[in-house]
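The values are calculated or read from the model by the stated rules, or taken from the named source; none is laboratory data. For clarity, every value in this text was computed on a predicted model and none was experimentally measured. Cβ atoms come from the backbone with ideal geometry, glycine included; neighbour counts cover every protein chain shown. The area values use the complete protein model at the heavy-atom level, side chains included, leaving out ligands, DNA and RNA. Shrake-Rupley method; radii C 1.70, N 1.55, O 1.52, S 1.80 Å.
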Amino acid sequence: MYSISYIPYTFAMPEIVMKRSIKKITVTFLIVKCIQYILVYLTPTQFDTSTRLFLAKYQSSYNLKWYHKLLSWDSVYFIKIAIHAIENENFDTRLVNPEFEHEWVFSPFAWAAALRYMKAPGLKQLDALIDSLLWRGCILNLVLHYVSVWILYALTLQTFPKNHDLALKTALLFIISSAAGFLIAPYSEPTSFTLSFTGMLLREYALDYNVYGLIALKKNRWVPYLLSSLMFSLATVNRSNCIILGIYYLCDLFKLLRQRNYLVAFWFPIMAGLLMLTTFFYNHYLLPYKAFCSQDSQWCSENRFGIPFPTNLFYSYLQAKYWNVGFLNYWSVNNIPNFIIALPNIVLIWYSTIYFSYQYPLESLRPLVYITRVFLLILVVFVHVQIVNRVFSFIPLHLWYLSDRLIKTKGDAKGDDKLVYYYVHWLIFWVPLQTVLFAAFLPPA
């Protein structure tokens with residue numbers, strides 16, 4: 001009798017766990033987003049005039065509304081690029097170019113393109129069109145964020161089989177991401193991490209690891225492996241930093257070559273990597289070359305080694321010209337506050353790479369450890385370091401580190417584990433603060 005009653009209970013457990021997870025994740029997501037939008041509403045005013053100037057240019061008689069505070073920082077450019085395409089009545093993303101060259105860094109062929117295709121039929125007045133695009137962009141990002149939470153949940157279960165507690169805690173932590181206000185406005189981050197998590201999930205689903213660390217493609221799962229490359233390629237079109245996800249295929253290639261599995265190495269990691277590289281090169285070199293090199297462009301004249309065409313990526317040229325991005329360019333006394341703002345994530349992310357390299361080594365996580373270290377190095381040494389709080393959202397390693405330590409310490413933190421609890425307390429303080437700063441158009445961006 002005991003065994004008969006026990007069997008149904010065992011099989012019912014995953015369903016019970018899933019229902020509990022759905023409830024917790026959905027309720028938490030709704031509460032966090034509602035609090036953030038309330039904070040936007042209560043934020044008194046914006047301290048930058050960009051939004052007002054933007055609305056004055058495109059609306060005949062604008063009346064600043066509370067949700068216009070979501071038009072801050074890059075979201076102004078995302079909406080503007082979509083409007084520019086609609087005004088020209090040209091919906092071919094291959095032909096529609098942004099108005100100014102620096103606007104090419106704001107995903108004109110990915111996220112902004114999606115915005116203009118979401119234009120409500122019959123909306124011809126710019127006054128109504130701007131508000132429509134703004135709300136549709138916000139709704140799109142909310143949906144993408146919620147969907148990506150569940151993709152990350154599935155990815156966690158695929159990486160750490162049957163560890164539902166870890167998956168749930170990771171999902172909840174991702175909801176209160178340090179990206180904060182950037183996830184409730186028209187921004188490209190949600191598209192980036194949704195595509196990245198999907199690609200990681202597809203690749204992890206396709207591969208098989210044995211006790212010796214050897215990898216092989218599971219039977220008849222070459223399709224999801226190549227689809228992972230498509231997801232990463234689209235993520236790279238959306239945000240160029242996602243190109244470092246190609247390290248996955250480099251690691252797979254080296255491991256397969258060491259195993260002397262040459263046929264699989266050629267058809268899968270090499271083909272997948274070539275798809276990413278081709279997409280990246282087309283988007284950040286060929287397209288701007290066609291658009292600008294028939295004109296008198298400074299980028300096109302940047303020739304080296306006697307080569308009669310640009311030897312620098314257009315994206316790198318724009319970042320250096322307009323944002324002073326370069327080796328140690330950001331290392332100055334006046335940027336010390338930005339380094340302090342970035343410090344919690346820098347420390348946590350670095351600790352996560354150490355943790356999954358030595359204390360909790362997993363062969364399946366080795367490529368992600370490399371990706372995390374490379375991207376962290378780029379952010380600290382080359383670019384505006386404070387953006388780590390939002391642009392690192394497409395890499396989940398630090399979330400797994402947080403979740404695993406929170407589960408294992410169970411409130412009794414000692415030594416390095418205190419870092420985890422300090423970070424969670426910082427998040428509780430940072431998310432509402434950053435939401436208000438974003439709505440007020442105040443740094444950090």
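So which residues in region 63-73 are crowded, with 18+ Cβ neighbours inside 10 Å and assigned to a helix (DSSP H, G or I)?
We begin by selecting, within region 63-73, every residue crowded, with 18+ Cβ neighbours inside 10 Å; these are 68-73.
Passing the criteria: His68, Lys69, Leu70.
What do you reckon, is Phe309 open to solvent by 50 Å² or more (accessible area, probe 1.4 Å) and out of contact with any helix residue (DSSP H, G or I) (no Cβ under 9 Å at 6 or more places or on another chain)? Can you show your working first?
On the way: open to solvent by 50 Å² or more (accessible area, probe 1.4 Å): yes; out of contact with any helix residue (DSSP H, G or I) (no Cβ under 9 Å at 6 or more places or on another chain): no.
Spelling it out, it is not the case that Phe309 is open to solvent by 50 Å² or more (accessible area, probe 1.4 Å) and out of contact with any helix residue (DSSP H, G or I) (no Cβ under 9 Å at 6 or more places or on another chain).
Select from region 339-366 the residues that are under 18 Å from Gln158 (Cβ atoms) and open to solvent by less than 10 Å² (accessible area, probe 1.4 Å) and list them in ascending order.
If the condition is that a residue be under 18 Å from Gln158 (Cβ atoms) and open to solvent by less than 10 Å² (accessible area, probe 1.4 Å), then Phe356, Leu365 are the ones that fit.
Evaluate the following for Ala216: is it touching a Phe, Trp or Tyr at 6+ places or on another chain (Cβ under 9 Å), outside any helix (DSSP H, G or I) and open to solvent by less than 80 Å² (accessible area, probe 1.4 Å)? Steps first, answer last, please.
Numbers: touching a Phe, Trp or Tyr at 6+ places or on another chain (Cβ under 9 Å): yes; outside any helix (DSSP H, G or I): yes; open to solvent by less than 80 Å² (accessible area, probe 1.4 Å): yes.
Yes: the conditions hold for Ala216.
Can you tell me how many residues in region 269-320 are outside any helix (DSSP H, G or I) and in contact (Cβ under 8 Å) with a residue 24 or more places away in the chain?
The first filter runs over region 269-320 and keeps only residues outside any helix (DSSP H, G or I), leaving 293-298, 302-313.
From what's left, in contact (Cβ under 8 Å) with a residue 24 or more places away in the chain: 297, 310, 313.
Here the count works out to 3.
If we only count helices (runs of 4 or more DSSP H) wholly inside region 77-178, which ones have 2 or more residues that are under 27 Å from Tyr315 (Cβ atoms) and either modelled with pLDDT of 95 or more or open to solvent by 10 Å² or more (accessible area, probe 1.4 Å) (or both)?
Working: elements: 111-117, 126-159, 164-175.
Those helices (runs of 4 or more DSSP H) span 111-117, 126-159.
Hey, any hits in region 183-201 for a residue that's open to solvent by 40 Å² or more (accessible area, probe 1.4 Å) and either farther than 17 Å from Met271 by Cα or over 12 Å from the mean Cα position of the chain (by Cα) (or both)?
The initial filter retains those residues of region 183-201 that are open to solvent by 40 Å² or more (accessible area, probe 1.4 Å), namely 201.
Still in the list and also either farther than 17 Å from Met271 by Cα or over 12 Å from the mean Cα position of the chain (by Cα) (or both): 201.
Yes: one or more hits.
Take the residues of region 27-56 that are polar (S, T, N, Q) and within 17 Å of Ile184 (Cβ to Cβ): which is surrounded by the fewest Cβ atoms within 10 Å (Cβ to Cβ)?
Within region 27-56, the subset polar (S, T, N, Q) is 28, 36, 43, 45-46, 49-51.
Still in the list and also within 17 Å of Ile184 (Cβ to Cβ): 28, 36, 43, 46, 51.
On the way: Thr28: 15, Gln36: 22, Thr43: 19, Gln46: 19, Thr51: 20.
Top of the filtered list is Thr28.
Of everything in region 358-382, what is polar (S, T, N, Q) and modelled with pLDDT under 95? Give them in sequence order. Lay out the reasoning, then the answer.
First pass over region 358-382, keeping only residues polar (S, T, N, Q): 359, 364, 372.
Scanning region 358-382 gives Gln359, Ser364.
From (1) open to solvent by less than 60 Å² (accessible area, probe 1.4 Å); (2) free of Cβ contacts under 8 Å to residues at least 12 places away in the same chain, pick out the condition that doesn't hold for Tyr248.
(2)
Looking at region 134-165 only, could you name the residues that are in contact (Cβ under 8 Å) with a residue 40 or more places away in the chain, over 23 Å from Val32 (Cα atoms) and either hydrophobic (A, V, I, L, M, F, W, C) or out of contact with any helix residue (DSSP H, G or I) (no Cβ under 7 Å at 6 or more places or on another chain) (or both)?
Phe160
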